[in-house]
Amino acid sequence: MTQPFVDPCGRGVIEAEPCPRELRREIPTRRRRVVLAACVLASSMAFIDGSVLTVALPKLRVALGADLASVQWVINSYLLALAALTLIGGALADAYGKARMLSIGCVLFGVASAGCAVAPSLGWLIGARVLQGIAAALLTPASLALIGATYPKNERAGAIGVWAAASALTSAAGPVFGGWLTDSFGWQAIFWINPPLAVVTIALLWLSAPPDPQEPRQFDVVGAGLVASALAALTWALSQIGRGEPRAATPPDMTTVAVGVFGLAGLGVYVLWERVSAHPMTPPRLAENRVFVGLNAATLLIYAGLSIMFFLLPFDLVDRRGLSPTSAGLVLLPFTLAVGLLSQFFGGLADRFGAGLMLVVGAGGASIAYVWMAVAQDASLIFGVIAPQTLLGMAFAVLVAPLTSSVMSSVPKSDEGLASGINNAASRVAQLAGVALAAGLGTLSSGYRFGLFAAAAVSAAGAVTTAFEFPPRSMSRRNS
């Protein structure tokens, strides 16, 4: 992940699970706490890897001799696998057991992380990152669902609070810790964090995870293949923006256009396939829900803007301003602390003023922050980066909780888990597109400013989408 906080609808995945007490599957409190610790460790393992990698990218690029368009695949190879497979990962957890799939995901993630750490070349690293993404697609939905399947509904608020607090702590510490590891031991050190965490998580699950009933499920393998190939084509085409003079390894412009058209056509075929598939990843009934579709469109736009900024900012801090990776991580603290400390407060205001209004204000505030960073690129660090980062953190604190509640309110209760998973997948697709676009724009003269203006534009489009599609009052009502 490139965003230094968890996906917007993680809480929704937890809340959507049936109550184990009602199903007579409740386990003792002590075992529940151990399971919660394992799930938090697993989620943090997948999450911290992305947040610490953000500040290590400049050093990694130099060490491997890669350009921006190539190094972006270190992030996007992971995101591509995660975005394409996360819904299937959730279905696998239902079919074969949440604890079992979480354990398998942890094993694979630990092995893939070790592969990243010993990578001798960029190609090797990208391949290992694909395996990490596949592992994250297994362990992320399984860990969230296992929390819901372990805790009765009347005790979930406390469990979600622990999970959210751990996420906030990881958000704040991840970039700083990653910068320190990079400065002290090299970029490879950030990947050695995960194998020990994977071992501890598996041990805790083996000791305390409850028996998990399995549900017969079939999987939309064709749909997953279609969306993965289409997203890969679009990502590659976006990353070619601003490439230098044609070289042997650089395809001509018409090739880039053709690949982009292929990607768009692939998404069209995916939509058609989902209408005829017996087990669609995105059921047509959700595609016909205007509010749900609009919320996911807004998610795509808002999170794409954030990903553009977070891909470009570390290169500006390290390469142009001369900061160390540790110092660059500290610069990100205002954003992460604002999101972590203020989200609950602004989430309460959404009940009073309407989630739609909060989404518009949050996305609009993010757009202003990006413009501020662009026009103040040559200003002091405090005025040009830290102050707008604080505004950006407040803007996302305003919109994250209302986005979750709005997605959950836009569908019947029976579809809440699926809707949450789809919205999380949308945020990952947004990161995928945002990083690819940022990598292309970053190679242009004044690419940092162009990228931030692009981030501002897509965030403003997210605000407009929300304003036109979702009147504030309607956003606070459940459609069930």
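Of note:
- Checklist (1) surrounded by fewer than 20 Cβ atoms within 10 Å (Cβ to Cβ); (2) touching a Cys at 6+ places or on another chain (Cβ under 8 Å); (3) of a type outside the set (S, T, N, Q) applied to Ala419, failing item: (1)
- Boolean, Gly362 is open to solvent by less than 20 Å² (accessible area, probe 1.4 Å), under 20 Å from Leu300 (Cβ atoms) and under 23 Å from the mean Cα position of the chain (by Cα): yes
- Some residue of region 144-161 being under 15 Å from the mean Cα position of the chain (by Cα) and crowded, with 16+ Cβ neighbours inside 10 Å: yes
- Those residues of region 162-178 which are open to solvent by 10 Å² or more (accessible area, probe 1.4 Å), more than 23 Å from Gly90 (Cα to Cα) and over 15 Å from the mean Cα position of the chain (by Cα), in sequence order: Ala165, Leu169, Ala172, Ala173, Val176, Phe177
- Of the residues making up region 303-340, those that are buried (at least 24 other Cβ atoms within 10 Å of the Cβ), modelled with pLDDT under 90 and farther than 14 Å from Gly178 by Cα are Thr336, Val339.
- Boolean, Ala457 is part of a helix (DSSP H, G or I), under 14 Å from Gly305 (Cβ atoms) and among the hydrophobic types (A, V, I, L, M, F, W, C): yes
- Among the residues of region 341-359, those identified as among the aliphatic types (A, V, I, L, M) and surrounded by 15 or more Cβ atoms within 10 Å (Cβ to Cβ) are Leu342, Leu349, Ala350, Ala355, Leu357, Met358, Leu359.
- Annotation: of all residues in region 114-143 being open to solvent by 40 Å² or more (accessible area, probe 1.4 Å) and not in a helix (DSSP H, G or I), the one that is nearest to Pro196 (Cα to Cα) is Val118.
- Against the test of being open to solvent by 20 Å² or more (accessible area, probe 1.4 Å), modelled with pLDDT of 90 or more, β-branched (Val, Ile, Thr) and touching a Pro at 6+ places or on another chain (Cβ under 9 Å), the options Val111, Val107 yield a single qualifying residue, Val111.
- Residue, surrounded by the most Cβ atoms within 10 Å (Cβ to Cβ), within region 406-416, restricted to residues that are in a helix (DSSP H, G or I) and touching a residue at least 60 places away in the same chain (Cβ under 8 Å): Ser406
- Subset of region 448-480 [modelled with pLDDT under 90 and hydroxyl-bearing (Ser, Thr, Tyr)]: Thr466, Ser474, Ser476, Ser480
- Meets criteria (touching a Gly at 6+ places or on another chain (Cβ under 8 Å) and either modelled with pLDDT of 90 or more or aromatic (Phe, Trp, Tyr) (or both)) for Pro195: yes
- Just one of the numbered conditions (1) more than 21 Å from Val407 (Cβ to Cβ); (2) touching a Phe, Trp or Tyr at 6+ places or on another chain (Cβ under 9 Å); (3) at pLDDT 90 or above is not true of His279: (3).
- From Ala56, Ala37, residue being open to solvent by 10 Å² or more (accessible area, probe 1.4 Å) and either of a type in the set (A, V, I, L, M) or outside any helix (DSSP H, G or I) (or both): Ala37
- The numbered conditions (1) open to solvent by less than 30 Å² (accessible area, probe 1.4 Å); (2) more than 30 Å from Arg320 (Cβ to Cβ) are all true for Leu85 except (1).
- Scan of region 10-22 for residues that are out of contact with any Gly (no Cβ under 8 Å at 6 or more places or on another chain), over 10 Å from Pro152 (Cα atoms) and open to solvent by 30 Å² or more (accessible area, probe 1.4 Å), ordered by number: Arg11
- Hey, Val62 touching a residue at least 24 places away in the same chain (Cβ under 8 Å), β-branched (Val, Ile, Thr) and either touching a Phe, Trp or Tyr at 6+ places or on another chain (Cβ under 6 Å) or part of a helix (DSSP H, G or I) (or both) or not: no
- Breaking point among (1) part of a helix (DSSP H, G or I); (2) at pLDDT below 90, for Trp372: (2)
- If the condition is being within 30 Å of Pro28 (Cβ to Cβ), among the small types (Gly, Ala, Ser) and in a helix (DSSP H, G or I), then region 187-238 contributes Ala198, Ala203, Ser208.
The values are calculated or read from the model by the stated rules, or taken from the named source; none is laboratory data. All figures in this text were calculated on a predicted structure; none of them were measured in a lab. Every residue, glycine as well, gets a Cβ built from its backbone with ideal geometry; the counts of neighbours run over all protein chains shown. Accessible surface is based on the protein model in full, side chains and every heavy atom, while ligands, DNA and RNA are left aside. Shrake-Rupley method; radii C 1.70, N 1.55, O 1.52, S 1.80 Å.
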